[in-house]
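Comments concern the structure below.
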Amino acid sequence: MGKTLAQKIFDAHTVDTPAPGVRVLSLDRVFCHEITTPIAINDLVAIGKDRVFDPEKIKAVIDHVTPAKDSKTAEQGKTMREWAKRHGIKDFFDIGANGVCHAIFPEKGFVRPGFTVIMGDSHTCTHGAFGAFAAGVGTTDLEVGILKGVCTMREPATIKVVLNGKLRAGVFAKDVILAVIKLLTVNGATDKVIEFTGPAVDAMGMDSRMTLCNMAIEAGGTCGVCYPDMVTVDFLWPFIQNDFPSREAALAEYSKWLPDADAVYDKVVTMDVSELEPMVTFGYKPDQVKTVREMEGTPVNQIYIGSCTNGRLEDLRIAAGILKGKKISENVRAIVSPATPKIYRDALKEGIIEIFMDAGFCVTNPTCGACLGMSNGVLANGESCASTTNRNFNGRMGKGGMVHLMSPATAAATAIAGVITNSPLFTGK
Amino acid sequence: MKNFNGKILFLDRSDINTDEIIPAKYLTELTKAALKPYCLEDLSLPGFDPKKDIAGKSVIVTRANFGCGSSREHAPWVLECNGINIVIAENFARIFRQNMFNCGLMAISLEPAVIDELFKLFAGTDATLTTDLENKTFTVSNAKTSKVYPFTIGEFDLELVKAGGWVSYADSKY
């Protein structure tokens, strides 16, 4: 019987099978941020096990509230900083070098096809875009990951999502994933891996693939994965060029993770994206999705472009293309958070930051802050936000606030109009 | 092993997410105990008052996909701080479910029809649940009725519950 991509990774990493259907996996990466890690660190200290399994495989960042906004968040940063130092964790990204975890870790080349990755963050599924098994976990799993380099996972069933056709102008990976979540529902992929494949995925760059995989969790998915191909290899090449004689050789090695032709799937979903329109959420659940056309004219108070879903350079370029020479509506305020310092610098060099500022955007440092209502863009009661983030739960960006999830193109167009509207890039019907 | 018996809090809604169980603004707390006052603070459920309805309860019975959203273990912690060591639902989000067992707490799935019956017979009454881990049954009672419901629990999940969590289990073994 053939295997899925996740089954192949599981088989290559199984340390123990403590009970039927449960595997203990060895970990290639344990990623850490300052919200879920300090309690794990403090617990390890308290139980006399302040150790790390491998300082090279642990990568850490301060990203959720940065710079610290109060004494408690300062304490969280301090805990991380001191821990990274005493254990020799070299890849620790502190203020000045820090960015949103699921943007900065891939940017540094830390994720490779076939890797197992955990982090105390539900959007860890993003890293599956590289053909890795990457799953969000709680603090206890993280604590054991830090200490022993292992994690338990139940055997993964896989849903294969085949995306056929070609996206029209003005329709992006964000619109695709919102449409997929609408189809699968918020728990349609619970305990399952989602394999994204098909011509529409093949045509996407890594930024778009990360957007796609990032929101697998919003359908309940353990991980979203894309198959490693030459796009993956090209992205990783600066980091792997000493490991392989050629890109073709790298691809040949990574291809061992591709699912077998006779792999068994829980479900296969096929979607033709050729007729897809820009999408937006309307309620408090990420599967409450309509076309932007249906939501046209809905007023918003704030625009937010950023996050691990859509704060990458490609996203900023698309938004800036729409904003160039325009001003945001006087009825809204707008914030853009480039997801990493590199993205920020590249956007500066390309003149993108100037376009945002000329349009009336506030440009913040790289941080997750606004997405989960912690800092840098919290909503007031009764306000709404056109947001390129990933979660529209009641109160997510601030108590009593409403979040409309959408692509950077739609968010930019909405900033100009002051109401939800399609971007001029989309000329379809 | 923790206590899995006591009065039931019925939450009649699906997709109760982690942001409702414990809003992100409290994730800056550095101890689990500090979370206690904020349990289910943002829950959207007509008639529910977190200030009155949680005290004295030890069990949650709810619908589908409980604990969806964030990976925050603060969600199980805030329940435990408030004396709630077991949640019974149609099903759970993966990370929340794993977090519960990792803490030595229980997240048990029952068939939708059984959950429905629990709501019909016991919601709105002073109902108590008793867990028999040996025989894998719950006994649910109120002044009028008492019924026994079998449940299943994975072998490994049961080991975690008995061990009191994943940290000590893993450190002794791997």
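The values are calculated or read from the model by the stated rules, or taken from the named source; none is laboratory data. Please read these numbers as outputs of a predicted model, since none were measured by experiment. In this analysis, Cβ positions are derived from the backbone assuming ideal geometry, glycine residues included, and neighbour counts consider all displayed protein chains.
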Enumeration of residues in the stretch B:128-163 that are within 14 Å of chain A (Cβ to nearest Cβ) and surrounded by 14 or more Cβ atoms within 10 Å (Cβ to Cβ): B:I153, B:G154, B:F156, B:D157, B:L158, B:E159, B:L160, B:V161, B:A163
Out of A:F172, A:F115, sole residue that is of a type in the set (F, W, Y), buried (at least 20 other Cβ atoms within 10 Å of the Cβ) and out of contact with any Phe, Trp or Tyr (no Cβ under 9 Å at 6 or more places or on another chain): A:F172
Restricting the search to the stretch A:374-402, which residues are closer than 22 Å to A:A359 by Cα and in contact (Cβ under 8 Å) with a residue 40 or more places away in the chain? A:N376, A:G377, A:L379, A:E383, A:S384, A:C385, A:A386, A:S387, A:T388, A:T389
Could you tell me whether the stretch A:235-242 includes any residue that is in a loop (DSSP other than H, G, I, E, B), more than 23 Å from A:T126 (Cα to Cα) and assigned by TED's automatic domain parsing to the domain that holds A:G114? yes
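Quick one: which strands (runs of 3 or more DSSP E) sit completely within the stretch A:337-429 and have at least 3 residues that are under 15 Å from A:F282 (Cα atoms)? Working first, answer last.
Details: elements: A:361-363, A:384-387, A:402-405.
It comes to A:384-387, A:402-405.
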Can you find a residue that is touching a His at 6+ places or on another chain (Cβ under 6 Å), of a type in the set (S, T, N, Q) and part of a helix (DSSP H, G or I) anywhere in the stretch A:200-219? yes
Can you confirm whether the stretch A:190-197 contains a residue that is assigned to a helix (DSSP H, G or I), surrounded by fewer than 23 Cβ atoms within 10 Å (Cβ to Cβ) and either within 14 Å of chain B (Cβ to nearest Cβ) or in contact with a helix residue (DSSP H, G or I) (Cβ under 6 Å, 6 or more places away or on another chain) (or both)? no
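Regarding the stretch A:12-32, can at least one residue be identified that is closer than 19 Å to A:G136 by Cβ, part of a helix (DSSP H, G or I), in contact (Cβ under 8 Å) with a residue 60 or more places away in the chain and more than 9 Å from chain B (Cβ to nearest Cβ)?
Pass one, the stretch A:12-32, residues closer than 19 Å to A:G136 by Cβ: A:13, A:22-32.
Subset that is part of a helix (DSSP H, G or I): A:13.
Narrowing further to those that are in contact (Cβ under 8 Å) with a residue 60 or more places away in the chain: A:13.
Filter once more, so that each one left must be more than 9 Å from chain B (Cβ to nearest Cβ): A:13.
Yes: one or more hits.
Could you tell me whether A:A60 is away from chain B (no Cβ under 14 Å) and either free of Cβ contacts under 8 Å to residues at least 24 places away in the same chain or touching a strand residue (DSSP E or B) at 6+ places or on another chain (Cβ under 7 Å) (or both)?
It is true that A:A60 is away from chain B (no Cβ under 14 Å) and either free of Cβ contacts under 8 Å to residues at least 24 places away in the same chain or touching a strand residue (DSSP E or B) at 6+ places or on another chain (Cβ under 7 Å) (or both).
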For the stretch A:339-382, which residues satisfy the criterion of being touching a Pro at 6+ places or on another chain (Cβ under 6 Å) and of a type in the set (V, I, T)? A:T340
Please go through the stretch A:68-92 and pick out each residue that is touching a Cys at 6+ places or on another chain (Cβ under 9 Å) and not in a helix (DSSP H, G or I). A:I89, A:F92
Within the stretch B:1-33, work out how many residues are farther than 14 Å from B:E73 by Cα, of a type in the set (G, A, S) and either touching a strand residue (DSSP E or B) at 6+ places or on another chain (Cβ under 7 Å) or at pLDDT below 95 (or both). 1
If you take the residues of the stretch A:323-350 that are free of Cβ contacts under 8 Å to residues at least 40 places away in the same chain and over 25 Å from the mean Cα position of the chain (by Cα), which of them is surrounded by the most Cβ atoms within 10 Å (Cβ to Cβ)? A:K324
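When the stretch B:47-64 is examined, which residues are found to be touching a residue at least 40 places away in the same chain (Cβ under 8 Å), in a loop (DSSP other than H, G, I, E, B) and crowded, with 16+ Cβ neighbours inside 10 Å?
Result: B:I54, B:R63, B:A64.
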Limited to the stretch A:135-150, what total is found for residues that are outside any helix (DSSP H, G or I), over 21 Å from the mean Cα position of the chain (by Cα) and more than 7 Å from chain B (Cβ to nearest Cβ)? 1
For A:C362, which of the numbered conditions (1) within 20 Å of A:F393 (Cα to Cα); (2) free of Cβ contacts under 8 Å to residues at least 40 places away in the same chain fails to hold? (1)
Of all the residues that make up the stretch A:375-389, how many are at the interface with chain B (Cβ under 10 Å from one of its Cβ atoms) and surrounded by 24 or more Cβ atoms within 10 Å (Cβ to Cβ)? 0
Are any residues in the stretch A:21-53 in contact with a Ser or Thr (Cβ under 9 Å, 6 or more places away or on another chain) and more than 17 Å from B:Y169 (Cβ to Cβ), and if so, which ones? A:D28, A:R29, A:F31, A:E34, A:I35, A:T36, A:T37, A:P38, A:I39, A:I41, A:N42
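Give me the residue from the stretch B:1-47 that is among the β-branched types (V, I, T) and more than 9 Å from chain A (Cβ to nearest Cβ) and, out of that set, nearest to B:N142 (Cα to Cα).
Taking the candidates together, the pick is B:I8.
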What is the residue count in the stretch A:151-180 for residues that are within 14 Å of chain B (Cβ to nearest Cβ) and over 27 Å from A:D260 (Cβ atoms)? 0
Take the residues in the stretch A:82-106 that are touching a residue at least 60 places away in the same chain (Cβ under 8 Å) and surrounded by fewer than 21 Cβ atoms within 10 Å (Cβ to Cβ); name whichever of them is nearest to A:F53 (Cα to Cα). A:A97
Considering A:P228, A:P259, A:P286, which residue is closer than 26 Å to A:G377 by Cβ and part of a loop (DSSP other than H, G, I, E, B)? A:P286
Any hit, the stretch B:65-77, residues being surrounded by fewer than 21 Cβ atoms within 10 Å (Cβ to Cβ) and either within 14 Å of another protein chain (Cβ to nearest Cβ) or not in a strand (DSSP E or B) (or both): no
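Condition check: within 14 Å of another protein chain (Cβ to nearest Cβ), at pLDDT 95 or above and surrounded by fewer than 22 Cβ atoms within 10 Å (Cβ to Cβ). Does B:E90 satisfy that?
Yes.
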Scope the stretch A:17-38; condition crowded, with 24+ Cβ neighbours inside 10 Å and more than 23 Å from the chain's Cα centre (by Cα); matching residues: none
Taking the conditions exactly as written (crowded, with 24+ Cβ neighbours inside 10 Å and at negative phi), does A:C362 satisfy them or not? no
